[in-house]
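The values are calculated or read from the model by the stated rules, or taken from the named source; none is laboratory data. These numbers come from a predicted model, not from an experiment. Every residue, glycine among them, receives a Cβ derived from its backbone with ideal geometry; neighbour counts consider all protein chains shown.
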Amino acid sequence: MHDATAEGPILITGGAGYVGAHVNLALLGAGLRTLVFDNLRHGHREFVPPQSTLIQGDLLDREAIARAISEHAVVAVVHCAAYTAAGESVYEPDKYYRNNLIGSLNLLSAMVAAGCRRMVFSSSAAVYGRPETVPIAESAPLRPLSPYGHSKLMMEQIIADYGRAYGLQYVHLRYFNAAGADPSGTVGEDHRPETHLIPLVLDVALGRLPAVTVHGDDYPTPDGTCIRDYVHVVDLAEAHRLALQRLLAGGDSGVYNLGSERGSSVLEVIAAAREVTGRPVPLRLGPRRPGDPDRLVADSTRAQRELGWCPQRGDVRVILEDAWRFHRCRFGTP
Ligand SMILES: NC(=O)c1ccc[n+]([C@@H]2O[C@H](COP(=O)([O-])OP(=O)(O)OC[C@H]3O[C@@H](n4cnc5c(N)ncnc54)[C@H](O)[C@@H]3O)[C@@H](O)[C@H]2O)c1
């Protein structure tokens, strides 16, 4: 294993957010030193453990990110910071392009100026839009449906251009639906507002919401509801560790899908949540959401083969059990 502890730390942008906080735990667990850069607009200070340094700063502040990278002699960056709600991005493209593109450009300029040339980038299955075939491999057509998805694809392309021009080595990780929580129950999913199915279902189980809305039950799937690939956030975090260590060891740039390769429908998730929580989860039927593909399931063979990624917690019940533990600790009444 490459000894980055002797050198500078790994910078995690968005490291106080959902995925970034789990990546931080995985890197610390592997003995790496980490520095979190987050404006805390959607992140949580308490998700950053004391072994990490937290810099509260905004990527739109060029000076702040340049200072963080040069003063700490950062050796590599895991870039998780972004606005993430695809639906909102349709109505607020300015907010999404400004944050996700300009913020990322500031980060890249600072990295190049400081000679920091390794990046793991949080991309998304949103780059595929409506797939022609499922499971989806990395070679599938790239046709995002929202400004959010476009911002991810544009950043993939920009980072690759920086690779060609400035020798930046990168790994783009296209996550499917991140879900679950660290089994400790201390770090997990807390987006405000929440738009993801599993925390919403658990909010209903806790009585924080009266019912979960099922957006359409007339899709061409066995039970009529949309099918998604839920990938455990701890498995995702592990893939970041593998990608980073490959870059630190001098490995090549690459693009990888990260999914459990299992599809679960909305109704299957709700049924599993009723079993795991032992509580009622009432649902109500709502209209389809524009742009929702009926089925998104990953082919993650490349990540398994080239990164040695071996997801351990892909079962949707395990995902729900871990998410429920966190959810009750954070939102339940004692
Ligand atoms: N959660 C998922 O299912 C999923 C799926 C695919 C891709 N992704 C990508 O993974 C990454 C992390 O997603 P998440 O679910 O953890 O979101 P999150 O909102 O929990 O975390 C993002 C973090 O980035 C910070 N941030 C945003 N803009 C910033 C800026 N300009 N300067 C400094 N900090 C800033 C926020 O405060 C937050 O802590 C995002 O890039 C997202 O697009 C997530």
- Residue pairs within 7 Å by beta carbon, gap of at least six or interchain, first lying in segment 1-20 and within 11 Å of the ligand (Cβ to nearest atom), second at pLDDT below 95, listed first then second, are Tyr18/His191
- Note on the structure: Residue set Val78, Val19, Val74; condition part of a strand (DSSP E or B) and more than 15 Å from Thr186 (Cβ to Cβ); output residue Val78
- Query: Any chance segment 234-246 includes a residue that's in contact with a Pro (Cβ under 7 Å, 6 or more places away or on another chain) and buried (at least 19 other Cβ atoms within 10 Å of the Cβ)?
  - Reply: yes
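Each row is one residue, and each column tells you yes or no for (1) within 14 Å of the ligand (Cβ to nearest atom); (2) surrounded by fewer than 17 Cβ atoms within 10 Å (Cβ to Cβ); (3) closer than 14 Å to Tyr162 by Cβ.
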residue: Ala86; (1), (2), (3): yes, no, no
residue: Glu92; (1), (2), (3): yes, yes, no
residue: Lys95; (1), (2), (3): yes, yes, no
residue: Ser104; (1), (2), (3): yes, no, yes
residue: Ala114; (1), (2), (3): no, no, yes
- Task: Could you check segment 218-334 for strands (runs of 3 or more DSSP E) lying wholly inside it with 1 or more residues that are among the basic types (Lys, Arg)?
- Result: 283-286
- Message: For segment 298-333: of the residues being of a type in the set (Phe, Trp, Tyr) and at pLDDT 95 or above, which is nearest to Arg241 (Cα to Cα)?
- Response: Trp309
- Query: Taking interchain pairs and intrachain pairs at least six residues apart, which have beta carbon atoms under 7 angstrom, with the first residue in segment 179-204 and under 24 Å from Arg262 (Cα atoms) and free of Cβ contacts under 8 Å to residues at least 24 places away in the same chain and the second β-branched (Val, Ile, Thr) and more than 10 Å from the ligand (Cβ to nearest atom)?
  - Reply: Leu200/Val212
- Message: Would you confirm whether or not segment 116-132 contains a residue that is loosely packed, with under 15 Cβ neighbours inside 10 Å and touching a helix residue (DSSP H, G or I) at 6+ places or on another chain (Cβ under 9 Å)?
- Response: no
- Residues of segment 207-239 being over 23 Å from the mean Cα position of the chain (by Cα), of a type in the set (Gly, Ala, Ser) and over 22 Å from Asp292 (Cβ atoms), in sequence order, are Gly207
- Task: Assess whether Glu156 counts as being part of a loop (DSSP other than H, G, I, E, B) and among the charged types (D, E, K, R).
- Result: no
- Item | Members of segment 31-45 that are of a type in the set (Gly, Ala, Ser) and either surrounded by 15 or more Cβ atoms within 10 Å (Cβ to Cβ) or within 8 Å of the ligand (Cβ to nearest atom) (or both) | Gly43
- Message: Please determine whether any residue of segment 171-192 is of a type in the set (Asp, Glu), within 22 Å of Gly17 (Cβ to Cβ), assigned to a loop (DSSP other than H, G, I, E, B) and in contact with a strand residue (DSSP E or B) (Cβ under 9 Å, 6 or more places away or on another chain).
- Response: yes
- Name the residues in segment 46-69 that are within 11 Å of the ligand (Cβ to nearest atom), assigned to a helix (DSSP H, G or I) and closer than 20 Å to Ala179 by Cα, would you? Phe47
